[in-house]
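Structure first, commentary second.
The values are calculated or read from the model by the stated rules, or taken from the named source; none is laboratory data. Fair warning: this is a prediction, and the values are worked out from it, not measured in the lab. All Cβ positions, glycine included, derive from the backbone under ideal geometry; neighbour counts span all protein chains shown. SASA here: full protein model, heavy atoms, side chains in, ligands and nucleic acids out. Shrake-Rupley method; radii C 1.70, N 1.55, O 1.52, S 1.80 Å.
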Amino acid sequence: MNHSLLLTVLTFLPVLGAALLLGMDGEDKKMSRRFSIGFSLLPLICLGLIWRQFDSGMQGLQFVERHAWIPSLGVEYFVGIDGLGFLMLLLSAIVVPFALVATPKEIANPRLYFALFLFLQTGLFGTFTALNFFHWFIFWEISLIPAFFLIKLWGGPQRTKAAYQFFVYTMLGSVTLLLAFLALFAATGTLDFIRLSELTHSGELVSAIGAKLTWSKLSPNGLVMLIFFGALLGFAVKVPLIPFHTWLPTAYTEAPSSTSMVLTGVMSKMGVYGFLRILLPIFPEQLRAVLTPLLWLAVATIVLSAYAAFAQKDLKRIVAYSSINHLGYCLLGLFAAVKFSSPGLINEKAAALNGVILQMFNHGVTASALFCFVGFIEQRSGGLRGLNDFGGLRKLAPVFCGLMGITVFSSLGLPGLNGFVGEFLIFKGTFSLAAWAASLSTIGLLVTAIFLLTMLQRVFTGPVNKRWSTWTDLTTAERLTVLPMIAIMFVVGIFPQVLLSFINPTVMQIIQQFK
Amino acid sequence: MSWITKNLWLIPILPLLAAALISVCKQPRRRTAATLAIGSMVFSFLLSCCAFATTLHSEHGGFREVANFDWFSFGTTTLRLGWVLDPLTACMLVMVTFVGTLIFIYSIGYMAHDENFTRFFCFLALFAAAMLGILIANNLLLLFISWELVGLASYLLIGFWFHKPSAAAAAKKAFITTRIGDIGFFIGILWLYSSTGTLLFYDNGAGCLESSALTKLVTETTFAGMAVSTAIAILIFCGAIGKSGQVPLHVWLPDAMEGPTPVSALIHAATMVAAGVFLVARVYPLMEVTAPGLPSVSTALQVVTWIGAITAVFAALIAVAQNDIKRILAYSTVSQLGFMMMGLGMGGVAVGMFHLITHAFFKSLLFLGAGSIIHGCHEEQDIRHMGGLKKYMPLTFATYAIGMMALSGVPFFFSGFWSKDEILHSAFTWQVSKIPFYLAAFGALLTAFYMTRQICYAFFGSYRGHKHPHESPRVMTVPLVLLAIGAIVLGVFGTPAWPAFETYLSGHDAEFDVAKLLRGETLSVMLISICIVAVGIFAAWQLYGRKPVKTADQPDPLEAVNGNVYRWLANRLYIDEFYDATVIRLNAAFAYSADLLDRVLWGGAVRAASLVTLAFAHINRTIDDLFINFGFDESCHNIRRSSGFLSKLQDGQIQNYLRGIGVALATLVLFLIWGCR
């Protein structure tokens, strides 16, 4: 265990940047843009340091910092990362600068916009490092606030409705989550994730709840189940799992594209992260008890959202639904992995969970790049982004089409690019554990190909739409913006071991936990 | 391990590097692009020849060397990929690199005036890399990866002229239709992986095609008592159905002719579509395995045979009534792929693969010939607008005729005769059913018929087009000649007298024995086959050759024989319309209902919840207003009133205070008096 302050520094760097940015005088647009991009890159340097010191072969937490905070309430400042946390930090540190760079130059009130972005980044970092519910929840909620204002102030015509729906819906989930943890605290006196999972493991959790809490005529097991549902709802909304997803298409569509990039790239991972960090270790039995309906919901999420994407006429809505679809695979693999409590089938469970975490990273990269491209289209068309508004753009913008094409193929899981490896691992694990769910979900793979290729066809091929005869190809700056992401797609697709070596020890630990 | 096995990966990597280099080089560098692509293919061809030569030195049981490596690890296992060198790989490598090189060279001439010349070579090289990857893969997953990449290359090349909406639609159709089959293939891979724990084909006894894994698969049963091996084999075959354009997923292949003609020759005739056949041949041990004690033909192979037989006849029928020169060849390809599947199903790897190799030569010859015709007739593809071309394009005519005779199965001097004869022979002796034999015979008859029809339309009679036709340049005709030589010579290796190909694949030495030719069964099948071809050619010559059509809008002679049948065939038996009305519409309906579900049910629930919340808030506010606020307001009002009254008392006038004190004093006195009494 090393006691460096790296994680704390990392977490609070962006908020420092935001404060400095707001404190600067003048309305120099270029200056605030450069400053915030520079500042958002600092965490990458921190992560570089962490990467060098990170022992990828080790199970368990690293870079732990632990200080008493409010002892009477069991509140500690407790942060640390394992492979999962590291990968999510890396993703946040990549996607946020990417989104900042992709933000259009002519955006209104850039200082506030960029400051909110940096603020959001702190929320994300905090969520992925905190190990005590108290400040984890603060970060979890705090990341909502900048997101709300980013949608509300810079969004499309329906922004107000979208922002409120987004905020209220996620807040509802958070409330039940909070209630669940208050109940846990009342019973056990701790808010520490690690401690709670140890209590579960030793069977003390149920007995503690039975001893301390009574409600109506529920048995201790029933009570734990109720608490579990509270937590489940919080995460199911965030991921989202059908039928708790309706906030997502509207929010992603109405948000400015660079915000959508972060919403889909990183914030959507918070839900899956919650499942892996909190639900799996603390409530494995409860999860298993309702597994069959959950698996069906995951299949429904995959298939229905793919079909819904096929029916959309707005590029952003298509990508938004495809995002739900891709996170559906994460949940599928996750649920399949908990299905059996027996110690056997380790490699199948490991395949599924490795796939889930890799898919989280891959989807973050690919979906944010897709939103970035849609944003580029919007900037050129003056806000138009209907599926049928374009046509023949490939002739005018071959590089645009080529790079977006690579992203689209990464999204539909073409081997050689990142999407394939994650999906293959998920399906490999799920097929051995829940063959029917895996087989039915393959429909999602097919429909994804259909709607994504239809999108490419409508936008880029056919005769050139006269209206866009002055369409320009990607500028050098835009190319430089997306090239790192494209490079990541290739590297992860060809050498997945780079990331899997971080993921696998964490996965093995999770599997041991829910024996 | 021999050095060639160690370096086998170079064969696909060279074209891949070429593709990468071309993609970063600037648009006008045409010469560089062509040189890179062709150079890499030539090197791959040379390496393939080395590989081929190595596999010729076989000891007992055939040559096989594998090289495996780790890709990534998860849990406690590692996923290993690898490549394999055996006769099956080697012969395919030589064929693909040889035909590929010729088609690359031909493309220089064919695509000379295209503005996207460099991109074309980039995609071609990418395709070649992926295709060669399929061939050397020693892991079903690596094969699948390459398989998907050839699908991508095919998508890019069919949609090469993307400004044509039909080309863009055809590209999408091809990718999606083959992906339907690939979904089955994918599930098959998952199943195989979860049952055997490995996807390596050969791994010193631990591979999934080796006896221990196969015994395990064949003894386990799944639903309806089916052996797991059968289920997996059929699922893998689904992929082959999609890629090789078998019924019912054949619809994409004719549309794929929207791509440039060299692409049709390379991808949609010689190599990629044959990948499905190769896949079946590669996993043949899995396909043919049956439970001990059941000597019959495995269920999977029966499925392969029937699908192949149906496809062979079905596509040949449609080919009879098409007018687009490339579409005729496309349906012919579908039909011939059916023949190959039949060969695999009934005769074994050698029979199917031999037809694959000979077909690759004569079909790419025919396609390139068609390309030469199209080029010479100024982009005209309709055979009704051709005619009399033998005068204008003698070299194309001669080579095309050789291709046609090889495809039709004209006896003795053409490779197609021998390879088709083997299929007919194995169908004749198949123990399960005789019907595939009749279907194959009928298919062969139709093949001879439609090829003769096509040749009559294009080369005989008088020219019915407008622009003056011309012979193609040397860069295009030389590959034709080389392929024509291949179409003739290759037959030598597969005659019953000297079955060199078969023995090469199985690792024995071939013996020359003329007597085998004259055995009763062999001879009778050969005679039947000769009769079939003769009847087919004769019938077509009667209809089309003796009285060639005069004008382009004259009805087809066959239409005069039976108009209804002709219309059905000309409209491709309305299969596309049928799919439009069923699968496509169903899919759209699903999409519509998923969207509706979202907006009405889930969205409605959320809206209802928000309405309920709002209503509750309103009620709350009303209650507040009516009761709580009312009471509060009233009391406030009272307090205000009373304090107003109190403040009036303190008005600062001394006399009023004194008056008050006086009254109070008097009252006090009176009270005290009253109290003391």
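Answer yes if at least one residue in region A:174-187 is farther than 30 Å from A:Gly23 by Cα, open to solvent by 10 Å² or more (accessible area, probe 1.4 Å) and either touching a Lys or Arg at 6+ places or on another chain (Cβ under 8 Å) or not hydrophobic (A, V, I, L, M, F, W, C) (or both), and no otherwise. Yes, the conditions are met somewhere in region A:174-187. One residue stands out in region A:423-439 among those that are hydroxyl-bearing (Ser, Thr, Tyr) and in contact with a Leu (Cβ under 8 Å, 6 or more places away or on another chain): the one that is modelled with the lowest pLDDT, namely A:Ser432.
Identify the residue in region B:563-614 that is among the aromatic types (Phe, Trp, Tyr) and either outside any helix (DSSP H, G or I) or facing chain A (nearest Cβ under 8 Å) (or both) and, among all such residues, is surrounded by the fewest Cβ atoms within 10 Å (Cβ to Cβ). So the residue we want is B:Tyr592. Only one entry in B:Phe123, B:Phe74, B:Phe117 is within 25 Å of the chain's Cα centre (by Cα) and crowded, with 21+ Cβ neighbours inside 10 Å, namely B:Phe123.
Quick one: would you say B:Leu505 is part of a helix (DSSP H, G or I) and within 27 Å of B:Thr54 (Cβ to Cβ)? Against the criterion (part of a helix (DSSP H, G or I) and within 27 Å of B:Thr54 (Cβ to Cβ)), B:Leu505 qualifies. Can you tell me how many residues within region A:306-320 are open to solvent by 30 Å² or more (accessible area, probe 1.4 Å) and not in a helix (DSSP H, G or I)? Result for region A:306-320: 2.
Going residue by residue through region A:400-423, is there one that turns out to be closer than 24 Å to B:Ala153 by Cα, touching a strand residue (DSSP E or B) at 6+ places or on another chain (Cβ under 9 Å) and in a helix (DSSP H, G or I)? Yes, that holds for at least one residue.
Per this entry, B:Gly82 is counted among residues that are away from chain A (no Cβ under 14 Å), in contact (Cβ under 8 Å) with a residue 60 or more places away in the chain and open to solvent by less than 10 Å² (accessible area, probe 1.4 Å).
Here A:Pro293 fulfils each of the conditions (1) open to solvent by less than 10 Å² (accessible area, probe 1.4 Å); (2) more than 14 Å from every other protein chain (Cβ to nearest Cβ); (3) not acidic (Asp, Glu) apart from (1). Within region B:1-49, the set of residues being farther than 18 Å from B:Phe123 by Cβ, without any contact (Cβ under 8 Å) to a residue 60 or more places away in the chain and touching a helix residue (DSSP H, G or I) at 6+ places or on another chain (Cβ under 7 Å) comprises B:Leu10, B:Val42, B:Phe43, B:Phe45, B:Leu47, B:Ser48, B:Cys49. Within the option set B:Leu140, B:Leu156, B:Leu152, B:Leu135, being within 8 Å of chain A (Cβ to nearest Cβ) and of a type outside the set (Val, Ile, Thr) holds for one residue only, B:Leu152. Here the condition is being closer than 20 Å to A:Leu124 by Cα and in contact (Cβ under 8 Å) with a residue 24 or more places away in the chain; of A:Val237, A:Val299, A:Val303, it holds for A:Val237 alone. The number of residues in region B:199-240 that are assigned to a loop (DSSP other than H, G, I, E, B) and either modelled with pLDDT of 90 or more or over 25 Å from B:Phe69 (Cβ atoms) (or both) comes to 6.
Among residues of region A:188-232 being charged (D, E, K, R) and farther than 21 Å from A:Gln512 by Cβ, the one that is surrounded by the most Cβ atoms within 10 Å (Cβ to Cβ) is A:Lys212. Can you say whether A:Ala351 is at the interface with chain B (Cβ under 10 Å from one of its Cβ atoms) and buried (at least 22 other Cβ atoms within 10 Å of the Cβ), as far as the supplied structure shows? So A:Ala351 fits the description; yes. Which residues, taken from region A:449-498, are over 30 Å from A:Gly355 (Cβ atoms), assigned to a loop (DSSP other than H, G, I, E, B) and within 9 Å of chain B (Cβ to nearest Cβ)? Selection gives A:Thr461, A:Gly462, A:Pro463, A:Val464. From the set of residues in region A:233-247 that are in contact with a Phe, Trp or Tyr (Cβ under 8 Å, 6 or more places away or on another chain) and in a helix (DSSP H, G or I), which is nearest to the other protein chains (Cβ to nearest Cβ)? Among them, the one singled out is A:Trp247. Of the candidates A:Gly391, A:Gly386, the single residue that is of a type outside the set (Val, Ile, Thr), more than 10 Å from chain B (Cβ to nearest Cβ) and surrounded by fewer than 24 Cβ atoms within 10 Å (Cβ to Cβ) is A:Gly386. Of the residues making up region A:215-232, none is under 23 Å from A:Arg277 (Cα atoms), away from every other protein chain (no Cβ under 14 Å) and not in a helix (DSSP H, G or I). The set of residues in region B:454-476 that are in a helix (DSSP H, G or I) and surrounded by 21 or more Cβ atoms within 10 Å (Cβ to Cβ) comprises B:Gln454, B:Ile455, B:Cys456, B:Tyr457, B:Ala458, B:Phe459, B:Met476.
Considering region A:431-442 alone, what residues qualify as being open to solvent by 10 Å² or more (accessible area, probe 1.4 Å) and either without any contact (Cβ under 8 Å) to a residue 12 or more places away in the chain or at the interface with chain B (Cβ under 7 Å from one of its Cβ atoms) (or both)? Hits for region A:431-442 are A:Phe431, A:Ser432, A:Ala435, A:Trp436, A:Ser439. Taken over region B:427-448, the criterion of being assigned to a helix (DSSP H, G or I) and either open to solvent by 10 Å² or more (accessible area, probe 1.4 Å) or under 29 Å from B:Pro469 (Cβ atoms) (or both) is satisfied by B:Phe428, B:Ile435, B:Phe437, B:Tyr438, B:Leu439, B:Ala441, B:Phe442, B:Leu445, B:Leu446, B:Thr447, B:Ala448. Applying the set (1) over 25 Å from A:Lys313 (Cβ atoms); (2) more than 8 Å from every other protein chain (Cβ to nearest Cβ); (3) among the charged types (D, E, K, R) to A:Lys428 leaves exactly one unmet item: (2). B:Leu249 meets all of the listed conditions (1) part of a helix (DSSP H, G or I); (2) among the aliphatic types (A, V, I, L, M); (3) more than 20 Å from B:Asn139 (Cβ to Cβ) but one, namely (1).
Candidates are the residues of region B:420-438 that are aliphatic (A, V, I, L, M) and farther than 22 Å from B:Ile357 by Cα; the one that is modelled with the lowest pLDDT is B:Val432. The condition of being touching a strand residue (DSSP E or B) at 6+ places or on another chain (Cβ under 7 Å), touching a residue at least 12 places away in the same chain (Cβ under 8 Å) and not charged (D, E, K, R) does not hold for B:Ala213. The lone criterion from (1) away from chain B (no Cβ under 14 Å); (2) open to solvent by less than 10 Å² (accessible area, probe 1.4 Å); (3) within 20 Å of A:Thr442 (Cα to Cα); (4) aliphatic (A, V, I, L, M) left unmet by A:Ile278 is number (3).
Quick one: would you say A:Thr250 is more than 25 Å from A:Asn325 (Cβ to Cβ), touching a residue at least 40 places away in the same chain (Cβ under 8 Å) and among the hydroxyl-bearing types (Ser, Thr, Tyr)? In short, no.
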